[in-house]
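A quick write-up on the structure given underneath.
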Amino acid sequence: MPGILMMISILFPSARTKILPEDCFLVAEKGGVLIGFCHYRIRGNRCYIAGLGVLPQYREHGVGSQLLAQTLYNVEKAGIQTTYLKVRSTNQAAKLYTKFGFFEKKWGDVLTLVRKKPS
C-alpha cells in the first residue's frame, strides 16, 4: 500500500485520495517495481474507478489498457452493470476510456464517464 500511495502522490499531487477498507487495487509491476495502478470501489450494483495511473516512462505501452481491461473484467464478473469515473477533459487518458465503452455524462472541465455492461 505505501507504494500505491507514493505513486498517487507523484501522479496526482493535488488530488485528495480517500481509501476505504473495501476498496480494490490492481497494480502493474516491471522488474518488481510498481509502474501503474487502478483503484476502484464497488458499492451495490455500481463501480467507481477512483484512480488509474501509470508512471510517465511506461505510458503508451498498454499498461493502462491492461489495468483497465482487468478491472472491467473483475467488475463484470461481480455482476456490476455500471461503472463510473471522472477525468479532466484535457487528460489524454479520456481517449482510452472511450475505447473501452465509456461515454460522457457531464461536460465541462471534469468529465463524468459512464460505461454500461455490454449486452
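Annotations
- Of all residues in region 51-70, those that are within 13 Å of Tyr97 (Cβ to Cβ) and at pLDDT 95 or above have Cβ atoms under 8 Å from Cβ atoms of residues that are among the hydroxyl-bearing types (Ser, Thr, Tyr) and surrounded by 20 or more Cβ atoms within 10 Å (Cβ to Cβ), 6 or more apart or on another chain, in Leu68/Tyr97.
- Residue within region 64-85 that is farther than 17 Å from Met7 by Cβ and among the basic types (Lys, Arg) present: yes
- Selected residue [closer than 20 Å to Ala94 by Cβ, of a type outside the set (Ser, Thr, Tyr) and touching a Pro at 6+ places or on another chain (Cβ under 9 Å)] from Leu11, Leu55, Leu68, Leu72: Leu11
The values are calculated or read from the model by the stated rules, or taken from the named source; none is laboratory data. The shown structure was predicted, so the numbers you read here are calculated from the model rather than taken from an experiment. Cβ coordinates were reconstructed from backbone atoms using ideal geometry, including for glycine residues, and neighbour counts include every protein chain displayed.
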